Amino acid sequence: MITKGRSPQPAPIPPFATSDGNLLVGGRSVTDIVATLQGQPCYLYDRQLMTTQVASLRNGLPSEIKLHYAVKANPMREVVSHLCDITDGLDVASAGELQLAIATGTRPENISFAGPGKSSQDLHSAVEAGVIICLESAGEMERLAQIARQKSIRPKVAVRVNPAFELKISGLKMGGGALPFGVDEEQVPGLLQQMAELPLDFYGFHIFAGGQSLREDALTEVQIKSYQLAFKLAEHAPGPVRWLNTGGGLGVPYFAGESPLQLSKFTATMHTLANESRVRLPQAELVLELGRYLVAPAGVYLCQIVDRKVSRGKTFLVTNGGMHHHLAASGNLGQVIRKNYPVAIANRMNEPDREQVSIVGPLCTPLDILADNVSLPRAGIGDLVAVFQSGAYGYTASPHQFLSHPPPTEMCL
Ligand SMILES: Cc1ncc(COP(=O)(O)O)c(C=O)c1O
C-alpha cells in the first residue's frame with residue numbers, strides 16, 4: 001500500500017463481490033461484460049445491492065414511514081422499475097420522469113411531482129395522471145387552479161415548503177434562505193388560506209431541506225424540525241394532512257475520509273416522530289424521499305485504459321471514458337475543490353497497490369480527470385478502471401456529446 005503524507009483513506013468500495021481478481025456486478029464478471037461491448041465504457045447497476053440498501057434502511061424505520069425513490073438520481077428504466085418494486089412510491093421532477101413513473105404501474109397517489117418551473121403542459125399531464133403535485137409558488141397554484149377548472153378535476157396538491165432551517169454540513173442545501181424551491185414557510189399560511197377557495201384537493205406538505213449529508217445528527221435534527229413545522233402549518237390547512245414528505249438527504253461516501261452513514265439514532269427518532277404524528281396528523285401518510293442513498297452504491301462506471309504515459313515524473317493512465325460520461329467523478333458537477341471518487345482496477349481487485357497514478361479521459365481539457373494521484377495496482381493498456389458510487393447522478397448528469405465520443409452503455413444486472 002502506497003500512502004502519501006497523512007492523507008485520509010479513500011472512501012470505501014461498496015460491497016461488490018469479486019472472483020479471481022475480477023469485479024462482479026449482478027454476479028457477472030465486468031471483464032466479460034466489457035469484452036462483449038468491445039471495450040467501450042459502461043455503467044453497470046447491481047439490483048441486489050439496491051435491494052440490500054433498501055432492506056437495511058427499512059429494517060430500522062417504523063413501518064408507517066414509506067420510502068419513495070427520487071427518479072432524478074437515476075432514471076434508467078430498469079433501475080426505476082426495480083426500485084419501484086422494492087419501495088413504496090416515486091418522486092418525479094419533469095414530465096419525462098412522470099411518464100416513466102406511470103409506465104411502471106405505480107399508483108398515481110404514490111407518485112409526487114416536485115420541481116420549480118413546471119410548465120402548463122407539465123401541470124396538465126400531472127392532473128390527468130392524478131399524481132400529487134407539489135406546489136412551488138403562488139403563481140403555480142393559480143395556473144393549476146385554472147387547469148383544474150378547465151378539466152373539472154380537483155388535483156391532489158401538496159405545498160412544498162422552503163423551511164427557515166437548512167440541512168447543516170451537507171452537499172446540497174435546499175432550505176434556510178432565499179431559494180427558488182417551494183414556498184417560504186412564513187408565506188405558507190397565507191397560501192393555504194387562498195387555496196381553500198380554489199378547486200384543489202389539499203393533500204399535505206413536502207419539506208426537502210437538503211441532500212448528500214453524512215451527518216446523522218444533522219439529518220435527525222432536520223427531521224425533527226420538519227415534523228414540528230408540519231404540525232404548525234397543519235393548523236392553517238384547508239383540510240386534514242394526508243401526506244407528509246420530509247425529504248431525507250441521506251448521503252453516500254464519495255471522498256477520502258468519508259464513511260457510510262450509521263442511522264440508529266436517525267431511525268430511533270423516526271419512530272418517535274411517527275408516534276407523535278399518529279396523534280397530531282392521524283390521517284397522514286409519512287414519506288421519506290431518497291435518491292442517491294438507494295442507488296449510488298449499486299452503480300459502477302467502467303472504462304478501459306488506452307494509454308499509459310509519464311510526464312515529468314507523473315504517471316497517467318489514459319482511458320476511453322471520462323468527464324463526458326461521468327461529470328461528477330471528474331469533479332465538475334458542483335465540487336469546489338476536486339476530490340477523487342473511490343476507484344479500482346476492476347480486473348486486478350486481488351492485487352496490492354504498487355504505484356501512484358492519475359487517471360484521465362480522452363478529452364483535450366485538463367478538466368478530464370477521473371482520479372488524481374491515487375494508489376493502485378500496476379495497470380496498463382486493456383485494464384479496466386472502475387469508478388464506484390456511480391449509480392446516481394452519473395449517466396444522465398454528464399455531457400455525453402462533448403467531443404463526440406460514443407456514449408456509455410447502461411446495464412442493470
Ligand atoms: C425535491 C428533491 N427530492 C429528492 C432529491 C434527491 O436527493 P438525493 O439524491 O440526494 O437523495 C432532490 C435532489 O436534489 C430534490 O431536490
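Using Cα-Cα distances under 8 Å and only pairs 6 or more residues apart, what relative contact order does region 326-413 have, in percent? This gives 34 percent for region 326-413. Mean residue ellipticity at 222 nm, helices only, the chain: -8500 deg cm²/dmol; runs of at least 4 DSSP H residues each add -39,500 (n - 2.57), and the sum is divided by the number of residues.
With both labels modelled 7 Å from their Cα along Cα-to-Cβ, the SER152 to SER7 distance reads 6.8 nm. Nearest 10 degrees, 0 to 90: what angle lies between the long axis of helix 216-234 and the longest principal axis of the chain (Cα atoms)? With rounding to tens, the tilt is 20 degrees. Taken one residue at a time, the phi angles of region 361-371 give Karplus couplings (6.51, -1.76, 1.60, θ = phi - 60°) of x, x, 7, 7, 8, x, 7, 7, 10, 9, 7 Hz. Gly and Pro are set to x.
Sequence-distant contacts, meaning Cα pairs under 8 Å at least 6 residues apart, place the relative contact order of region 254-413 at 29 percent. Taking all protein chains into account, the per residue accessible area for region 332-413 stands at 45 Å² (1.4 Å probe). Close amide H partners of ASP307, meaning residues 5 or more places away or on another chain with modelled amide H under 5 Å apart, are VAL318. Between the helical axis of 47-60 and the longest alpha-carbon principal axis of the chain there is an angle of about 50 degrees.
Once the Kirkwood radius over Cα pairs is known for the chain, the Stokes-Einstein relation at 25 °C and 0.890 mPa s delivers a diffusion coefficient of 109 µm²/s. Once you reduce region 66-85 and region 266-312 to the center of their Cα atoms, the two points are 12 Å from each other. When peptides 190-201, 89-100 are ranked by their average number of other Cβ atoms within 10 Å per residue, the highest-first order is 89-100, 190-201. Simple spin-label estimate for ASN350 and ASP184 gives 6.2 nm between the two label positions (7 Å along the Cα-to-Cβ direction from each Cα). Surface composition of the chain: carbon plus sulfur atoms contribute 51% of the solvent-accessible area (1.4 Å probe, protein chains only, all chains present). Phi angles across region 61-72 convert, under the Karplus curve 6.51 cos²θ - 1.76 cosθ + 1.60 with θ = phi - 60°, into 3J(HN,Hα) values of 7, x, 5, 5, 7, 8, 9, 10, 9, 7, 4, 4 Hz, Gly and Pro given as x. Once the other residues with Cβ under 12 Å from the Cβ of ALA17 are scored (Lys, Arg +1; Asp, Glu -1), what is the net sum? That works out to -1.
Given the C-alpha centroids of region 399-413 and region 190-223, what is the distance between them in whole angstrom? About 36 Å separates the Cα centre of region 399-413 from the one of region 190-223. Under the convention that each Lys and Arg Cβ holds +1 and each Asp and Glu Cβ holds -1, the size of the dipole of the chain around its Cα centre is about 640 debye. The slack between LEU172 and ARG107, meaning 0.36 nm per residue of separation minus the straight C-alpha distance, is 20.4 nm.
Phi angles across region 293-301 convert, under the Karplus curve 6.51 cos²θ - 1.76 cosθ + 1.60 with θ = phi - 60°, into 3J(HN,Hα) values of 4, 7, 10, 4, x, 7, x, 9, 9 Hz, Gly and Pro given as x.
Backbone N atoms of region 370-384 closer than 18 Å to the 7 Å Cα→Cβ label point of ASP20 belong to residues 383-384. Accessible surface computed residue by residue for region 181-303, with neighbouring protein chains in place and a 1.4 Å probe, gives 35 Å² per residue.
When the pairs LYS225/LYS339; LYS66/LYS156; LYS118/LYS339; LYS66/LYS151; LYS72/LYS168; LYS151/LYS225 are compared against a 27 Å limit on Cα-Cα distance, LYS225/LYS339; LYS118/LYS339; LYS66/LYS151; LYS151/LYS225 fall above it. If you plug the beta carbon distance of ARG338 and SER56 into 1/(1 + (r/R0)^6) with R0 = 30 Å, you get a FRET efficiency near 0.45. Among DSSP bridges having both ends in region 181-319, what percentage is antiparallel? Round to the nearest 5. If we restrict to bridges inside region 181-319, about 45 percent are antiparallel. With the simple spin-label model, which puts each label point 7 Å out from Cα in the Cβ direction, the HIS400 to ARG143 separation comes to 2.8 nm. Assuming R0 = 25 Å, what is the FRET efficiency of ALA256 and ILE224, from their Cβ-Cβ distance, to the nearest 0.05? Efficiency, rounded to the nearest 0.05: 0.20. Normalising the average separation of contacting C-alpha pairs (under 8 angstrom, six or more residues apart) by the number of residues puts the relative contact order of the chain at 21 percent. For the chain, the longest principal axis of the C-alpha atoms and the axis of helix 264-280 are separated by about 10°. Solvent-accessible area per residue in region 19-125 equals 40 Å², computed with a 1.4 angstrom probe and all protein chains kept. Taking every DSSP beta bridge that has both ends in region 107-220, the antiparallel portion is near 15%.
Label reach from HIS236 (point 7 Å along Cα→C-beta): in region 185-206, amide nitrogens under 15 Å belong to 185-197, 204-206. Only the Cβ atoms of Lys and Arg (+1) and of Asp and Glu (-1) were treated as charged; on that basis the dipole of region 69-185 about its Cα centre amounts to roughly 200 debye. On full extension, the segment bounded by ARG280 and SER264 gains 3.3 nm, given 0.36 nm per residue less the C-alpha separation.
The values are calculated or read from the model by the stated rules, or taken from the named source; none is laboratory data. All values derive from a computational prediction rather than experimental measurement. Cβ sites come from the backbone with ideal geometry, for glycine too, and all protein chains shown count toward neighbours. Surface accessibility is based on the protein's heavy atoms, side chains included, excluding ligands, DNA and RNA. Shrake-Rupley method; radii C 1.70, N 1.55, O 1.52, S 1.80 Å.
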